[in-house]
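Structure, as structure tokens:
Coordinate-derived values only; no laboratory data. What you are looking at is a predicted structure, and each value in this text was computed from that prediction instead of being measured. For neighbour counting, all protein chains shown are included, and Cβ atoms are generated from backbone atoms with ideal geometry for every residue, glycine included.
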Amino acid sequence: TGETGLEAWLRYAPLPADAAKQYPQYTDIVALTDSQSSPVYTAGKELQDGLKKILNFSANLTNTIDSSESLSPSAIVDDGFWLGTVSGEKGDKTQVVIVGQNERGALYGAMEFLMRLAQNQPCPTSYASSPSAPIRWINQWDNLDGSIERGYAGPSIFFKDGAVLDDLTRVEQYARLMASVRLNGIVVNNVNSHCNLLNPSNLKGLGRIADAMRPWGVRIGVALYFDTPIELGGLQTSDPLDPDVVAFWNDITTQLYQNVPDMLGYLIKANSEGQPGPLTYGRTLAEGANLFARALKPHGDGIVMYRAFVYNHHLDESNWKNDRANAAVEFFDGLDDVFDENVLVQIKYGPIDFQVREPPSPLLAHLRRTRTIIEFQVAQEYMGQQSHLCYLAPLWRTILDFDLRIDGEPSLVKDVVSGERFNWKYSGYAAVVNVGNDSTWLGSHLAMSNLYAYGRYCWDPSSDEAAVVQDWARLTFGLNPTVVDTITQLSMESWPTYENYSGNLGIQTLCDIVKTCHYGPSPAAMDGNGWGQWTRADAHAIGMDRTVATGTGYSGQYPAEVARVFEHPETTPDELLLWFHHVPYTHRLKSGKTVIQHFYDAHYEGAQNAQTFPVRWAALRGLVDEHRFQHILFHLTYQAGHALVWRDSVCTFYHAKCGIPDEHNRVGNY
Ligand code: GCW
């Protein structure tokens, strides 16, 4: 299965003999638990399996130890662990000790040990590690019929024909991958969901999903459809203040907890892209969120993940002041004190929609008492849909390292999200992931670095993105430095390359909005519709004027110090210029180039670099198994071709719009 991709980065490939012989003979594994559904038991089994595969050791697994010693390292928090070595009682045997702060932490420590071993890194003598944030979750956009919204890797591993699949083997394997990068929760169905999830047999099915994932320390939650009381309950209304509606949700929640006693809670997309919500009934967003919060409250620690992705998708472009980017702050301002304490607001990293370049959502600077979850997308919806290599960790870092300067104080997005900035105990990360039934999980072997990196970043948002992809490459493709270096370099170049040929200077990914496929170049599709992902390109100028002085006022949603920077073209960084300003094509960038010449040059540079990807990959022939070698070569060759299509479509479009020739005489001379 190594070659098909099913084991992804958890292949535990055998170490070469000369490396393997440096390791002590691990003979006995003790997993201190009585329960086979405990992550501690899973840890023991995983160690047994990993040692067999990596070192060809057959170790015994038991669950008791003759020792009064107990280790309780104090500096680790929930889900954290300590991994180290201690000398045996007579000093003759070295033992590896893994101590979890909880059961999940023990599993994480065991997998850390194995993933180091698989990279030929001996067990550290003393290593403690704790998560940056307690919420490290995935959102699946899987529909009950088995299709996946924005899925590019086959049908759902959870659902088919309106029901939960009988065979959940892939779900268990997915939970194993999640545990290895310390992801601890998943919402299994689409936010554009429907009420058929909540029929009695599916409630049982959800229980089976939870049972399959629990041994890996993964808890499940569900996305709810706001009008379920009408459509499933036969009520006249779904008004969140109606007593029958309240009773309906209380009842559903009780039934859910009967099947999933450790449920994470509810993810809610409401009043967004045609979905009903509290505003439909003349209620506030908080009244809608609190309805679910109160239904959850009696059952445990379940939370409402209320999505901030609320906006009007029939916006009138003829009004210069209209701006979809303003929506989240406009809708959520004033609600900071009225959400119940178990409501968290889930905010996409940027104010529009997972574009190739966005500033961080300003809502992250507005909610102080209401805790937040930041939403990323491992699914490469606007990023080449797993047909293009686009390693996203460098993009995530531009968001996580951004200093919002809330109240004039250091306020890095990662410190807001971790809870540190406002002293929250429960907050963190979600990412939309579109794994499917394909044996590669995401449809592309190389795209899996994004899933791996997502977990690593939730745990430690200050990780070095090159080091993360190197670890992933060693685990996935082996220890050959040529292979690891090539994959690392291609991955590190991939986002800047993609940005170059897809959409520059903060103009967004110039793909097809109107057909809603969000794939392939279509700069014309950005304007003239209600979606609000506008570029306002005409014959003379381009970009959204989001200034307070003359535009939509969006820049003023940031704290003062940041707002000042974005208010003026001179202080706005080039890469976000057209996000914030409407400027002539002849406007000079800090680089000295005009906007239009930058467009031409960037598209040629990006497409040119993409041509090198298959060539550089091809140099690895014989160093990677033939199956994966060919699969990846095919993808990179396709990407190289599609990059040319991108380049020529975008350059030709703007050339025709403004009539300004390319200084290097390429555009229009095909
Ligand atoms: O990015 C957009 C997608 C929709 C998605 C929506 C959302 C699930 O194009 O497919 O719907 O965002 O995040 O709700």
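Here are the numbers for this structure:
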quantity: Where N is the number of residues in the range 373-462, Cα Rg divided by 2.2 N^0.38 Å; calculated: 1.21
quantity: Hull-based mean projected area of the range 168-259, where the convex hull spans the alpha carbons, in square nanometres; calculated: 6.2
quantity: Positive minus negative residues near Ile220 (Lys, Arg vs Asp, Glu; Cβ under 9 Å); calculated: +1
quantity: Sum of -39500 (n - 2.57) over DSSP H runs of 4+, divided by residues of the chain (222 nm, nearest 500); calculated: -11000 deg cm²/dmol
quantity: Selection from Leu510, Tyr23, Phe226, by position along the positive dipole direction of the chain (Cβ); calculated: Tyr23
quantity: Relative contact order (%) - criterion: Cα under 8 Å, at least six apart; region: the chain; calculated: 12
quantity: The chain: mean projected area of Cα convex hull, nm²; calculated: 30.1
quantity: Label point at Ala619 placed 7 Å out along Cα→Cβ; residues across the range 485-513 whose backbone nitrogen lies under 13 Å; calculated: 485-490
quantity: Nonlocal amide H pairs with Tyr585, under 5 Å, H built at 1.01 Å; calculated: Ala541, Ile542
quantity: The range 1-39 versus the range 124-155: alpha-carbon centroid distance in Å; calculated: 22
quantity: From the C-alpha gyration tensor of the range 566-670, square roots of 5λ in Å; calculated: 35, 17, 10
quantity: Relative contact order computed over the range 203-316 (Cα-Cα under 8 Å; 6+ residues apart), in percent; calculated: 28
